[in-house]
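Reading through the structure tokens given below for one structure.
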């Protein structure tokens, strides 16, 4: 369907991807109806600060919001909050809300996101056991998240380690439990994982690695985490950060192609050309990595998907895809990541881990595929540009910190 014949756009999901889509459509000149449906009470907001500045109390709710609620009204975007979409009638091109109301669409955007995985153990429903995915989760955590409290964090991915950092800064006693042999096992190399393990240990965080949770113990509230080896870790609060699952139930009910996410093409179209999917819920072509498809849980993915969908609905040329990018703030460390490190066979280190300013460049044979940069923005930006353009820098140049990164990138782009 061409942009000129699309008059009603419905967006299911009021996260960053959904909010960005509405904003891009209006900015691009779309004058038709736009309605955003969200299951939470808040207008579209950012999730990354939830485990950082919002959890730390440095940001209020107003800072979380992508835009004030009044802006949506001013732009003629209807927000339908605290409501769930339960059905898509693809033949009639209508959606049904919980309670029975039905609404027609010309283009439908699924931005349903992902849901935090619950702990699959007895006691996970005890008071004091929490997930961390929404603003409401953080509000529930706050009363127990106080100096002197014993916090047990299950999962040593980005969410777990960011939460641990904030907890230590607020004066909590922190133990992190991880089933893998190291933190960040799914997302980075042993070298970078070791760096962050050392940094957290120096801050007083205790780790239980290669460890399995067997049960959450307590009577009226959590008191300890029981481990598979029979040991117990005392706990006043438990926070689980064991990953997320894409919210694909609505797409599955509608008969759309789903495979670890709603499958889309480069235009973010699903197997139904009038339905798009973006953000954490979709599996998209990873164009910088051959014919791979995959899910990207990132701000970059939400924003880029919104840009692509808005261009498609408006009948405009889509933007060029960026290399995937991510970031994590822990203590005074800013980790910036570009690309996907999976499949690397060697890495090059630039800088000094002891100085807490280092970049690791990941290569598959002679091709640069990713970078992890700690407090090294020039290395991050230079590598991100090269990965996007399919260029690779000289490993010897990268390993030599006396050569400015901008010169290395310029040399590589010239070849």
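The values are calculated or read from the model by the stated rules, or taken from the named source; none is laboratory data. Everything numeric in this text was worked out from a predicted model, so none of it was measured. No Cβ is skipped: glycine too gets one built from the backbone with ideal geometry, and neighbour counts run over all protein chains shown.
Return the residues of the stretch 276-288 that are in contact (Cβ under 8 Å) with a residue 40 or more places away in the chain and surrounded by fewer than 20 Cβ atoms within 10 Å (Cβ to Cβ); say none if nothing qualifies.
Matches in the stretch 276-288: 286, 288.
All of (1) out of contact with any helix residue (DSSP H, G or I) (no Cβ under 7 Å at 6 or more places or on another chain); (2) farther than 30 Å from residue 56 by Cα; (3) in a strand (DSSP E or B); (4) not assigned by TED's automatic domain parsing to the domain that holds residue 24 hold for residue 283 with one exception: (4). Looking only at the stretch 248-264, count every residue that is surrounded by fewer than 22 Cβ atoms within 10 Å (Cβ to Cβ), within 20 Å of the chain's Cα centre (by Cα) and not in a strand (DSSP E or B) and tell me the total. Total satisfying the criteria: 3.
Against the list (1) crowded, with 24+ Cβ neighbours inside 10 Å; (2) assigned to a strand (DSSP E or B), the condition residue 35 fails is (1). For the criterion of being in a helix (DSSP H, G or I) and in contact (Cβ under 8 Å) with a residue 12 or more places away in the chain, residue 20 passes.
Each row is one residue, and each column tells you yes or no for (1) at pLDDT below 95; (2) out of contact with any helix residue (DSSP H, G or I) (no Cβ under 7 Å at 6 or more places or on another chain).
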| residue | (1), (2) |
| --- | --- |
| 62 | yes, yes |
| 75 | no, no |
| 80 | no, yes |
| 87 | no, no |
| 100 | yes, yes |
| 104 | no, yes |
| 109 | no, no |
| 120 | no, yes |
| 134 | no, yes |
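In the stretch 116-207, counting only helices (runs of 4 or more DSSP H) that sit wholly within it, the ones holding 1 or more residues that are closer than 29 Å to residue 40 by Cα span 135-141, 158-169. Considering the stretch 379-407, the residues that are more than 28 Å from residue 292 (Cα to Cα) and touching a strand residue (DSSP E or B) at 6+ places or on another chain (Cβ under 9 Å) include one that is surrounded by the most Cβ atoms within 10 Å (Cβ to Cβ), namely 405. The C-beta contact set for the stretch 172-185 (first residue assigned by TED's automatic domain parsing to the domain that holds residue 212 and on the phi > 0 side of the Ramachandran plot, second residue modelled with pLDDT of 95 or more and part of a loop (DSSP other than H, G, I, E, B), distance under 8 angstrom, 6+ apart or interchain) comprises 184/156; 184/157.
Rundown of residues vs (1) out of contact with any strand residue (DSSP E or B) (no Cβ under 7 Å at 6 or more places or on another chain); (2) in the same structural domain as residue 37 (by TED's automatic domain parsing); (3) more than 30 Å from residue 305 (Cα to Cα); (4) in contact (Cβ under 8 Å) with a residue 24 or more places away in the chain, yes/no style:
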position	(1), (2), (3), (4)
93	no, yes, no, yes
97	no, yes, no, yes
101	yes, yes, no, no
105	no, yes, no, yes
133	no, no, no, yes
139	yes, no, no, no
150	no, no, yes, yes
155	no, no, no, yes
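Each residue in the stretch 324-365 was checked for being in contact with a helix residue (DSSP H, G or I) (Cβ under 6 Å, 6 or more places away or on another chain), part of a strand (DSSP E or B) and more than 22 Å from residue 285 (Cβ to Cβ), and 8 of them qualify. Tell me, yes or no, whether the stretch 94-102 has at least one residue that is assigned to a loop (DSSP other than H, G, I, E, B) and surrounded by 14 or more Cβ atoms within 10 Å (Cβ to Cβ). Among the residues of the stretch 94-102, not one is assigned to a loop (DSSP other than H, G, I, E, B) and surrounded by 14 or more Cβ atoms within 10 Å (Cβ to Cβ), which makes the answer no.
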